[in-house]
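Structure first, commentary second.
The values are calculated or read from the model by the stated rules, or taken from the named source; none is laboratory data. None of these values were measured; they are calculated from a predicted model. Reconstructed Cβ throughout: ideal geometry from the backbone, glycine too, with neighbour counts over all protein chains shown.
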Amino acid sequence: MRVAVTFVACALIWGSTFLAIRFGNEAVPPLWAATLRLALASVLLFGITRALGTPLPRGRALRGALLWGTFALGVNLSLLYVGEQTVPSGISAVLFATVPLSTALLAAAFGVERLVSRKLFAAVLAIGGVAVIFAGELGVAVPFIGLITIFGAASAAAFGNVLLKREPSPPVFALNAIGTAVAAAVCLVASFLAGESHAIPTTGAAWIPLLYLTLAGSLGAFVLFSWLVTHWTVSNASLVGVTVPIIALILGGVVKGEQPAPLTYLGGAIVIIAIFIAVRAPHPEPAQASAATATD
């Protein structure tokens, strides 16, 4: 029951965060916005960790937290924020629906889970769906580099999830405190390299998306999802991405008037069909004894 509730909560939160990022990008430079979000989240998470008396991870668990923070948060959010400057929020969410299948392929490559033939077929089908989405959005002048940037963000998220699953799992708040701190450093370096302004936001238009993304996204969904990853198979946990595009497309259309190309709906449907094919596949047994341990 806890797994199901956590899964639904993640889908609802992440379905709205793509739109919140679009709003935030209108008021704050993207990489600087990601840095502020992650830094605020890290301060709060370290405070919660200390208040709970939770020890910080060491050894292999610390390595897993650092790698997860670098890729699943830092690289992912850097690319996502930049990409959403030119790619509609709903399309970004559809591209992120490929994360479960990318995760399944990477999990097999790293020996975390065995890849069954049905999931391999689903991955190939999803790639075809992504190609259709690219074709549709390029036809309505969405830049190719923006689409590639969002797809790279999704791939970084999948890679980070697999790296986390390979190591012993630390307590969730400690994991996210370290992960967000590392990710904030990654985004800050990227922000300076991009030559962004680093002024502290002073308007409600800047702070409302930032606080929502910090509290609901970084403190809420990422904590919930990291718990989900450590209590479920990593490929199944990432299936939260199936419902996120639907929520994001509806919100993007209603709030921002985003109108995806007709081919994008076809490509999105292909991706979602691929995910459902993957869901029906037998649950893969770990390829080797996992070092991860479940903790409440």
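Filter segment 44-99 down to residues that are hydrophobic (A, V, I, L, M, F, W, C) and part of a loop (DSSP other than H, G, I, E, B) and give me whichever is nearest to Phe134 (Cα to Cα). Among those that are hydrophobic (A, V, I, L, M, F, W, C) and part of a loop (DSSP other than H, G, I, E, B), it is Val87. Could you check, for segment 187-202, whether at least one of its residues is part of a helix (DSSP H, G or I), out of contact with any Cys (no Cβ under 6 Å at 6 or more places or on another chain), hydrophobic (A, V, I, L, M, F, W, C) and closer than 30 Å to Val271 by Cβ? Looking through segment 187-202, at least one residue is part of a helix (DSSP H, G or I), out of contact with any Cys (no Cβ under 6 Å at 6 or more places or on another chain), hydrophobic (A, V, I, L, M, F, W, C) and closer than 30 Å to Val271 by Cβ.
The set of residues in segment 217-268 being of a type in the set (S, T, N, Q), over 14 Å from the mean Cα position of the chain (by Cα) and outside any helix (DSSP H, G or I) consists of Thr233, Gln259. Of the numbered conditions (1) aromatic (Phe, Trp, Tyr); (2) modelled with pLDDT of 85 or more; (3) surrounded by 24 or more Cβ atoms within 10 Å (Cβ to Cβ), Trp227 fails exactly one; give the number of that condition. Going through the list (1) aromatic (Phe, Trp, Tyr); (2) modelled with pLDDT of 85 or more; (3) surrounded by 24 or more Cβ atoms within 10 Å (Cβ to Cβ), Trp227 breaks only (2). Just one of (1) in contact (Cβ under 8 Å) with a residue 40 or more places away in the chain; (2) touching a helix residue (DSSP H, G or I) at 6+ places or on another chain (Cβ under 7 Å); (3) outside any loop (DSSP other than H, G, I, E, B) fails for Pro168. It is (3).
Determine whether Leu36 is assigned to a helix (DSSP H, G or I), buried (at least 17 other Cβ atoms within 10 Å of the Cβ), modelled with pLDDT of 95 or more and over 17 Å from the mean Cα position of the chain (by Cα). Spelling it out, Leu36 is indeed assigned to a helix (DSSP H, G or I), buried (at least 17 other Cβ atoms within 10 Å of the Cβ), modelled with pLDDT of 95 or more and over 17 Å from the mean Cα position of the chain (by Cα). Here Ser117 meets the list (1) of a type in the set (S, T, N, Q); (2) surrounded by fewer than 17 Cβ atoms within 10 Å (Cβ to Cβ); (3) touching a helix residue (DSSP H, G or I) at 6+ places or on another chain (Cβ under 6 Å) almost entirely, failing just condition (3).
Scan segment 173-197 for residues that are among the polar types (S, T, N, Q), over 17 Å from Leu67 (Cβ atoms) and either under 18 Å from the mean Cα position of the chain (by Cα) or surrounded by fewer than 22 Cβ atoms within 10 Å (Cβ to Cβ) (or both) and the total you get is 1. State whether the residues of segment 147-159 include one that is assigned to a helix (DSSP H, G or I), of a type in the set (Phe, Trp, Tyr), free of Cβ contacts under 8 Å to residues at least 24 places away in the same chain and more than 30 Å from Thr54 (Cα to Cα). No, segment 147-159 has no match at all.
Within the option set Ala126, Ala104, Ala131, being modelled with pLDDT under 90, out of contact with any Asp or Glu (no Cβ under 9 Å at 6 or more places or on another chain) and outside any loop (DSSP other than H, G, I, E, B) holds for one residue only, Ala126.
For segment 42-77, filtering for residues that are within 17 Å of Thr214 (Cβ to Cβ) and without any contact (Cβ under 8 Å) to a residue 24 or more places away in the chain leaves 2. Residues in segment 175-225 that are among the hydroxyl-bearing types (Ser, Thr, Tyr) and in contact (Cβ under 8 Å) with a residue 40 or more places away in the chain were compared, and the one that is nearest to Gly59 (Cα to Cα) is Thr180.
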